[in-house]
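K.L.:
Please read through the structure below; I'll follow up with questions.
The values are calculated or read from the model by the stated rules, or taken from the named source; none is laboratory data. Since we're looking at a predicted model, the values are computed, not measured. In this analysis, Cβ positions are derived from the backbone assuming ideal geometry, glycine residues included, and neighbour counts consider all displayed protein chains. Surface areas here come from the heavy atoms of the whole protein model, side chains and all, with no ligands, DNA or RNA. Shrake-Rupley method; radii C 1.70, N 1.55, O 1.52, S 1.80 Å.
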Amino acid sequence: MKLSKFMRPALMFSALAFFSAAASAQLKVGIDLSSTGPAAAIGITSKNAMLMWPKTIAGQQAEYIILDDGSDPGAAVRNIRKLITEDKVDVIVGPKITLIGSASVVEPQEGKKVWAFKMAQTDRAMADVMTRTMVNRNVKTVGFIGFADSYGDSWFNEFSKFAELRHIKVVASERFNRTDASVTGQILKLMSAKPDAVLIAGAGTPTVLPERTLIERGYKGAIYQTHGIATPEFIKLGGKDVEGTLFPTQPVVVARTLPSDHPSKKAALAFVDAYEAKYGKGSVTQFAGDAAGVYPRLEDAVARALKAGQPGTVAFRVALRSELEHAHELVVPNGVVNTSATDHVGLDQRASVMGIIKNGQFTYLSQ
């Protein structure tokens, strides 16, 4: 999902506070998702999780208005305008409370970005836990192949910083497009550098191709992927070729195999059990977990914002933005949240774990 889809609408969010609306006890939540188009695999699971939200938030009747942007940034902008000007929502999930991974949507905290909050752990934090695991497994050299877009660039930048910090050398770097039918040339170049491990930086099913090509060409080193692979479709398409893949992720994806003392295990398991009871075994994704976490984030902030005014008023909307900055040790399915005026993510290392694909399942990796 391209960053521009979120950055453009995010610039409009100060309008939420100042758009005139009559006071109302009903809390209106606007939601913009990509339920169709290239990003549908993310949008559909997010929507599924949102359809499970309770009908009230902090005692207020809640109306959820869900729009599909078809994975089109222009349509996303139109949806946001509609939600603000026609539906007169109090908060929008999509660009204001966003589900994407890149930290750039909320950093630096200045200008219109002070209205944006993010549910997913950052690429930076995922690269941190990944390189720690590489050191523990004696990986000294890595070959990198990533998407030829902002996702690949972000991951290369963040991974390179932690690799240098931990004395891991990137010996080769290649790129590929999401729609490529072959990556043989890039893989042969990587293998010629003889890296201890290869990192594939992409999301969804397109990342199966470079991994399968590595296996077919006889690569014997460790293969790492990013948190963007954690969907049932990846395992279904990859089959035996992705067995043993190492990847960073958030608690929901490996909920059943988390250590018993992990602070999010109870919340993660409760969500996974409920989600899979409704949508089928093995259907849960990290993106669904991020979407599930929006509800407790809103309930926590709304309960305090109501002291300033009722939903539909300027006072409530301004207070809600402020209170979203004051989550303290709030447990959500994918971590523990502590936000502030300078941190609109609020997740620490408790929201980053390592996983391994074992017997066709996403499983917690013990360090």
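K.L.:
Taking region 277-287 only, how many residues are at pLDDT 95 or above and either of a type in the set (Phe, Trp, Tyr) or open to solvent by less than 10 Å² (accessible area, probe 1.4 Å) (or both)?
P.N.:
So the answer is 1.
K.L.:
Filter region 26-69 down to the residues that are among the polar types (S, T, N, Q) and assigned to a helix (DSSP H, G or I), then identify the one that is nearest to Arg297 (Cα to Cα). Step through it out loud before you land on a result.
P.N.:
From region 26-69, those among the polar types (S, T, N, Q) are 26, 34-36, 45-46, 48, 56, 60-61; that's our starting set.
From the residues that got through so far, the ones that are assigned to a helix (DSSP H, G or I) too are 45-46, 48.
Values: Thr45: 19, Ser46: 15, Asn48: 18 Å.
Selected residue: Ser46.
K.L.:
Still on this structure, please answer the following. Working carefully through the options Asp128, Asp123, find the one that is surrounded by 23 or more Cβ atoms within 10 Å (Cβ to Cβ), charged (D, E, K, R) and within 30 Å of Leu298 (Cα to Cα). Steps first, answer last, please.
P.N.:
Values: Asp128 fails: surrounded by 23 or more Cβ atoms within 10 Å (Cβ to Cβ).
Answer to the check: Asp123.
K.L.:
Out of (1) surrounded by 22 or more Cβ atoms within 10 Å (Cβ to Cβ); (2) in a helix (DSSP H, G or I); (3) not hydrophobic (A, V, I, L, M, F, W, C), what's the single condition that is false for Thr339?
P.N.:
(2)
K.L.:
Then there's this: Looking at Leu298, is it assigned to a helix (DSSP H, G or I), over 21 Å from the mean Cα position of the chain (by Cα) and either buried (at least 17 other Cβ atoms within 10 Å of the Cβ) or not polar (S, T, N, Q) (or both)? Steps first, answer last, please.
P.N.:
Values: assigned to a helix (DSSP H, G or I): yes; over 21 Å from the mean Cα position of the chain (by Cα): no; either buried (at least 17 other Cβ atoms within 10 Å of the Cβ) or not polar (S, T, N, Q) (or both): yes.
So Leu298 fails the test.
K.L.:
Additional query: Can you tell me how many residues within region 194-238 are open to solvent by 10 Å² or more (accessible area, probe 1.4 Å), under 15 Å from Ala172 (Cβ atoms) and within 24 Å of the chain's Cα centre (by Cα)?
P.N.:
Result for region 194-238: 1.
K.L.:
Can Pro263 be described as more than 20 Å from Tyr364 (Cα to Cα) and not in a helix (DSSP H, G or I)?
P.N.:
no
K.L.:
While we're here: Can you tell me which residue in region 301-321 is farthest from Pro263 (Cα to Cα), limited to those that are in contact (Cβ under 8 Å) with a residue 40 or more places away in the chain and in a helix (DSSP H, G or I)?
P.N.:
Val314
K.L.:
Please state which one of Glu299, Glu329, Glu325, Glu243 is at positive phi and acidic (Asp, Glu).
P.N.:
Working: Glu299 fails: at positive phi; Glu325 fails: at positive phi; Glu243 fails: at positive phi.
Being at positive phi and acidic (Asp, Glu) holds for just one of Glu299, Glu329, Glu325, Glu243, which is Glu329.
K.L.:
Next up: Within 28 Å of Asp128 (Cβ to Cβ), at pLDDT 95 or above, under 21 Å from the mean Cα position of the chain (by Cα) and surrounded by fewer than 18 Cβ atoms within 10 Å (Cβ to Cβ): does that describe Ala274? Quick ask: steps written out before the conclusion?
P.N.:
Working: within 28 Å of Asp128 (Cβ to Cβ): no; at pLDDT 95 or above: yes; under 21 Å from the mean Cα position of the chain (by Cα): yes; surrounded by fewer than 18 Cβ atoms within 10 Å (Cβ to Cβ): yes.
Judged against the criteria, Ala274 is not a match.
K.L.:
Can you name the residue in region 240-270 that is closer than 17 Å to Leu214 by Cβ and touching a residue at least 60 places away in the same chain (Cβ under 8 Å) and is also surrounded by the fewest Cβ atoms within 10 Å (Cβ to Cβ) among such residues? Before you say what the answer is, go through the steps one by one.
P.N.:
Taking region 240-270 first, the residues closer than 17 Å to Leu214 by Cβ are 240-247.
After this cut, where a residue has to be touching a residue at least 60 places away in the same chain (Cβ under 8 Å) as well, the list is 242-247.
Values: Val242: 22, Glu243: 14, Gly244: 12, Thr245: 23, Leu246: 20, Phe247: 29.
The extreme case among them is Gly244.
K.L.:
May I ask you to verify whether Lys140 is in contact with a strand residue (DSSP E or B) (Cβ under 8 Å, 6 or more places away or on another chain) and open to solvent by 30 Å² or more (accessible area, probe 1.4 Å)?
P.N.:
Numbers: in contact with a strand residue (DSSP E or B) (Cβ under 8 Å, 6 or more places away or on another chain): yes; open to solvent by 30 Å² or more (accessible area, probe 1.4 Å): yes.
Yes, satisfied.
K.L.:
Another question, if that's okay. Which one of these does Leu324 not meet: (1) among the hydrophobic types (A, V, I, L, M, F, W, C); (2) surrounded by fewer than 20 Cβ atoms within 10 Å (Cβ to Cβ); (3) touching a helix residue (DSSP H, G or I) at 6+ places or on another chain (Cβ under 8 Å); (4) part of a helix (DSSP H, G or I)?
P.N.:
Against the list (1) among the hydrophobic types (A, V, I, L, M, F, W, C); (2) surrounded by fewer than 20 Cβ atoms within 10 Å (Cβ to Cβ); (3) touching a helix residue (DSSP H, G or I) at 6+ places or on another chain (Cβ under 8 Å); (4) part of a helix (DSSP H, G or I), Leu324 comes up short only on (2).
K.L.:
Go through region 155-188 and give me each residue that's among the small types (Gly, Ala, Ser) and more than 25 Å from the chain's Cα centre (by Cα). Before you say what the answer is, go through the steps one by one.
P.N.:
Initially, region 155-188 is screened for residues among the small types (Gly, Ala, Ser), giving 160, 163, 172-173, 181-182, 185.
Passing the criteria: Ala172, Ala181, Ser182, Gly185.
K.L.:
If Thr179 passes every condition in (1) within 25 Å of Leu209 (Cα to Cα); (2) surrounded by 14 or more Cβ atoms within 10 Å (Cβ to Cβ); (3) at pLDDT below 95; (4) among the hydroxyl-bearing types (Ser, Thr, Tyr) but one, which one does it miss?
P.N.:
(2)
K.L.:
Could you list, ordered by first residue, the pairs with Cβ atoms under 7 Å in which the first is in region 81-95 and surrounded by fewer than 24 Cβ atoms within 10 Å (Cβ to Cβ) and the second is assigned to a helix (DSSP H, G or I), at least 6 apart or interchain?
P.N.:
Here the result reads Ile84/Ala15; Ile84/Leu16, each pair linking region 81-95 to a residue that is assigned to a helix (DSSP H, G or I).
K.L.:
So, of the residues in region 43-76 that are aliphatic (A, V, I, L, M) and over 28 Å from Ala230 (Cα atoms), which turns out to be least open to solvent (accessible area, probe 1.4 Å)?
P.N.:
So, considering only residues that are aliphatic (A, V, I, L, M) and over 28 Å from Ala230 (Cα atoms), the one least open to solvent (accessible area, probe 1.4 Å) is Ile57.
K.L.:
Across region 325-335, which residue is farthest from Leu258 (Cα to Cα) among those that are touching a residue at least 12 places away in the same chain (Cβ under 8 Å) and touching a strand residue (DSSP E or B) at 6+ places or on another chain (Cβ under 7 Å)? Give the derivation first.
P.N.:
Pass one, region 325-335, residues touching a residue at least 12 places away in the same chain (Cβ under 8 Å): 325-327, 330-335.
Filter again for touching a strand residue (DSSP E or B) at 6+ places or on another chain (Cβ under 7 Å), leaving 327, 330, 335.
Values: Ala327: 24, Leu330: 19, Gly335: 12 Å.
Filtering region 325-335 for residues that are touching a residue at least 12 places away in the same chain (Cβ under 8 Å) and touching a strand residue (DSSP E or B) at 6+ places or on another chain (Cβ under 7 Å), the one farthest from Leu258 (Cα to Cα) comes out as Ala327.
K.L.:
Okay, moving on. Among the residues of region 70-115, count how many are modelled with pLDDT under 95, among the basic types (Lys, Arg) and not in a helix (DSSP H, G or I).
P.N.:
Selection size over region 70-115: 1.
K.L.:
OK, next. With the condition kept exactly as written, say whether any residue in region 127-142 is of a type outside the set (S, T, N, Q), at pLDDT below 95 and closer than 30 Å to Ser182 by Cβ.
P.N.:
no
K.L.:
Suppose we filter region 336-367 for residues that are touching a strand residue (DSSP E or B) at 6+ places or on another chain (Cβ under 9 Å) and over 17 Å from Val254 (Cβ atoms); how many remain?
P.N.:
Going through region 336-367 one residue at a time, the tally reaches 7.
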